[in-house]
Amino acid sequence: MKNKSKLNKIKQNNRKPAADVPAEWFYMSAAECSAGAIREALADTACEVEYWEAAQVLEIVLGEGSSMDVEVLEPDFQDEYSNAFLTEHRIRFLCGVTLKPEDYDKAREVMEHICNKIGGFFCGDTEDFTPVVGEME
């Protein structure tokens, strides 16, 4: 029993999600939305949220020294491939999201909560928009 317990601890400590997780993400939705709607979606969580309405910026505190920054962007990447992705998924609302890859597990919980409350999806700021959290529209 002791060895099995110790092995599980070693496996958990060796897990390195940060190596595969981008620091830059997008939140996308086919619905008209706002940073305020994202803040409201988090009202029933323990997350502390700083909101700058005029700038349409949120800082979602994930824990001590850990946060997710969200900034509303114009839904235009200014390149054909990326804009085709926006068109294919009928994206009308776009945010840039920054997080520390080592905080991904906490951030993913917040991402899933937002998607469950107001829809949309998060995707990595990568060439193929992966990984994805939530249901692509």
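Structure above, values below:
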| item | result |
| --- | --- |
| Zone residues, region 96-121, relative to VAL132, backbone N less than 11 Å from point 7 Å out along Cα-to-Cβ | 121 |
| In sequence order, calculated HN-Hα J values of region 81-92 (Karplus, 6.51, -1.76, 1.60; Hz; x Gly/Pro) | 4, 5, 5, 5, 4, 4, 5, 4, 9, 6, 6, 10 |
| Residue-averaged 222 nm ellipticity for the chain, from DSSP H runs of 4+ at -39500 (n - 2.57), nearest 500 | -9500 deg cm²/dmol |
| Å² per residue, accessible surface of the chain at 1.4 Å | 62 |
| Solvent-accessible surface (1.4 angstrom probe) belonging to LEU62, in square angstrom, nearest 10 | 30 |
| Within region 100-137, backbone nitrogen closer than 13 Å to the virtual label 7 Å beyond the Cα of ALA23 toward Cβ | 100-103 |
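The values are calculated or read from the model by the stated rules, or taken from the named source; none is laboratory data. Computed from a predicted structure; not experimentally measured. Positions of Cβ are backbone-derived with ideal geometry, glycine not excepted, and every protein chain shown enters the neighbour counts. Quick note on the areas: whole protein, heavy atoms, side chains included, nothing else; ligands and nucleic acids left out. Shrake-Rupley method; radii C 1.70, N 1.55, O 1.52, S 1.80 Å.
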